[in-house]
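The structure appears below as structure tokens.
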Amino acid sequence: MKQSTQIAPKLRSGSQVLIEALERNGVKQIFGYPGGTIMPVYDALVGSSLKHYLCRHEQGAALAADAYGRVTRKAGVCMATSGPGATNLVTGIANAFMDSVPMVVITGQVPSALQGTDAFQEVDIFGITLPIVKHSYIVRSVTEIPHIVNEAFQLAQNGRPGPVLIDLPKDISAGMGDVVYTPPQAWPATDLPDEDAMQAAAEMLSRARRPLVIAGGGIAISDSVDEFRQFIDRTGLPVTTTLKGLGVMPADDPRYVGMLGMHGNGAANHAVQNCDLLMVVGARFDDRATGQLAQFAQSARIIHVDIDAAEISKLRKADVAIVSELAPALDGIRPENTANPGWQAQCAGWTKEFAWRYDAPGKGIYAPKLLRDLSRTQPEGLTITCDVGQHQMWVAQHCTFNNPLEHISSGGLGTMGYGLPAAIGAKIAKPDATVVCVSGDGSIMMNIQELATLKRYGIDVKILLLDNSALGLVRQWQEIFFEGNYSEVHLTDNPDFAAVARAFGIQARSIKEPEDVSDALEWLLNTDSAAMLHVAIDSMENVWPLVPPGKPNHKMMRSNP
């Protein structure tokens, strides 16, 4: 007789059911902040197997869960109360949605009978987040919690990943019910890539004289890095990456021509503009990558490989579209001819011509060289999390990544304040890795309260803070495109960041001379606990190259006009 897969009913509170459902879905860590309507869940949390990390702002909790999801490829979990607790999660939810990160978000809600009455701390978080989640639930009974939780994790982690919201009214979390736990059903297998489309792609690649691959973040998301590298080994195609694709190709691979886009490498941007065939793998023609879309790779035919059919021909019409998981598609595309040696040599020539230089004039610390030095001295498995601004672009340009999971950056949303909570999530996900948060003086102030989280849990995160006493990227644009009319970008009244870190119980040092860099980096990477290295840099230093708005990628500015 076949055994039943169901487990006998048990009388449990909704909160107990939720905690057990999370445990059954393999959750080990939760990032959150308690409050009124979520309090029954926090009551049930005591004594469970789950480790809860009390972040000091709900946004910090959501961003930590985001980075945890990126590193593990399993849904990060964050939790907050209703009203301001829920709305403070919204930026983190949007960040995960834009970058296709698996995340399950649990919010408390006012009791069912009070919904729609403008009760204390009532907001329609279900409605607020509709555009930035894969799916969302309002729980209506204790008995449906196991199914909702199982389905939420399946949806968050399968297909194109993303955040899923579970809104839990207080009467449900505090109420009782006879609950049957059913193991999650197997997720339906993704359709195999179309054979005719793969053959058409192979024939186009064989005929092309100047083929090029754009490798996007979907390769890392789908754990297809090995299959992608095998594909490049077979075909010899030159490769450029998006910001989220950094690390998909080893930085020193001769076929790698760099990151493309607004602050991309000149070699990559020239290769894109001169190719006759563009194979786009797990990328979405983002405006920061393409520049003026109408002039982007004008002479190229397009092969687009992506798991999300909605991305195909959304911005650039695909001549061949392959909608599937990336790994089987990459394995199935087998052109008869490899890349043209003359074209490979041309790309290699651009790579040499546009190689980064580190002999900048000036007496102060040059941020690109500092980051290059950090990358050269990196211990095995160094993971860098970035905030948003000039330092983020310098990291993308000057740090080398041989694995995409070593570069954690807010791409689509561009969230200032991401770096520190992301470092917390990444370190908890990879406790043996050295995790460095590279931040700026503007970004660090967005979530600086999470220094308390580092101290509370003894989380060994290193912070490299580049301080130019300005909102650097905004200042750069005002300098170039707004005739130097600087509006609300000067941060000359910054606090003493090293003193602030020490006030939180974090070791800290400050430097401003180039000769201090080597010893300071060694100190930062080898301290036995969380530490901050505060680095003063030139407030007028700009990120180059820069593709001006409305211009094609090859019309890069390399200095001030």
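Every number in this text was worked out from the coordinates using simple rules, so none of it is lab data. This one's a predicted model, so the numbers in the text were calculated from it and none came from an experiment. Here the Cβ is made from the backbone with ideal geometry for all residues, glycine too, and neighbour counts use every protein chain on show.
Points to keep in mind about this one:
- Cβ-based net charge around Ser324, under 9 Å, with every Lys or Arg adding one and every Asp or Glu removing one: -4
- Each Lys and Arg Cβ is given +1 and each Asp and Glu Cβ -1; about its Cα centre, the chain then shows a dipole of about 380 debye.
- With all pairs of separate Cα atoms included, region 440-561 yields a Kirkwood hydrodynamic radius of 16.2 Å.
- Separation of the Ala251 and Asp287 label points, Cα + 7 Å toward Cβ, nm: 3.1 nm
- Of the residues Gly245, Gln199, Ala189, the one whose Cα sits farthest toward the positive end of the charge dipole of region 185-280, with +1 on the Cβ of Lys and Arg and -1 on the Cβ of Asp and Glu, is Gly245.
- If the chain linking Asp493 and Asp308 were pulled fully straight, counting 0.36 nm for each residue of separation and taking away their Cα-Cα distance, it would gain 62.0 nm.
- Gained length - Gln295 relative to Asn403, 0.36 nm times residue gap less alpha-carbon distance: 35.7 nm
- Taking amide H positions as modeled 1.01 Å from N, with prolines and chain starts lacking one, the residues under 5 Å from Ile30 and 5 or more places away or on another chain are Lys51, His52, Tyr53.
- Proximal lysines relative to Lys170, as straight alpha-carbon distance under 21 Å, when same-chain residues fewer than 8 apart are discounted: Lys10
- Karplus-derived HN-Hα couplings along region 131-142 (A = 6.51, B = -1.76, C = 1.60, θ = phi - 60°), whole Hz, x at Gly and Pro: x, 10, 10, 6, 6, 8, 9, 10, 6, 10, 7, 4
- Think of the chain as a dipole: +1 on every Lys or Arg Cβ, -1 on every Asp or Glu Cβ, centred on the Cα centre; then among Ala452, Gly162, Phe504, Gly162 lies furthest on the positive end.
- Electrostatic tally near Pro169: other residues with Cβ closer than 11 Å to its Cβ, Lys and Arg +1, Asp and Glu -1, net -1.
- Convex hull volume per residue for the chain, taking Cα atoms only, in Å³: 165 Å³
- Potential lengthening between Trp356 and Leu11 on full extension [0.36 nm per residue; Cα-Cα distance subtracted]: 117.7 nm
- Vicinal HN-Hα couplings computed from phi for region 201-211 (Karplus, 6.51 cos²θ - 1.76 cosθ + 1.60; Hz; Gly/Pro x): 5, 4, 5, 5, 5, 5, 7, 5, 9, 9, x
- Once the GluC sites (Glu not before Pro) in DSSP loops with at most 14 neighbouring Cβ atoms within 10 Å are cut out of the chain, the longest remaining piece is 1-335.
- Rounded if a/c under 1.5, otherwise prolate or oblate - region 413-483, Cα gyration tensor axes: prolate
- Distant-in-sequence amide H partners of His135 (H built 1.01 Å from N, under 5 Å): Leu165
- Residue among Asn560, Ala271, Leu315 farthest towards the positive dipole end of the chain, charges placed on Cβ: Ala271
- Pairs from Lys352/Lys462; Lys51/Lys430; Lys363/Lys462; Lys74/Lys244; Lys369/Lys455 whose Cα-Cα separation, in the structure shown, is over 22 Å: Lys352/Lys462; Lys363/Lys462; Lys369/Lys455
- Distance from the alpha carbon centroid of region 243-271 to that of region 78-141 works out to 38 angstrom.
- Within the shell defined by Cβ-Cβ distances under 9 Å, the residues around Gly266 carry a net charge of 0, with Lys and Arg each +1 and Asp and Glu each -1.
- For Thr383, the amide hydrogen comes within under 5 Å of the amide hydrogens of Thr434, Val435, Val436, counting only partners 5 or more places away or on other chains and with H modelled in the peptide plane.
- Cα shape, region 195-353, gyration tensor, a/c 1.5 rule: rounded
- Table column - 3J(HN,Hα) (Hz), region 361-374, Karplus curve with 6.51, -1.76, 1.60, x for Gly and Pro: x, x, 9, x, 6, 8, 4, x, 5, 4, 6, 4, 5, 4
- Mean separation of Cα pairs under 8 Å and 6 or more residues apart, divided by the residue count, gives region 367-536 a relative contact order of 21 percent.
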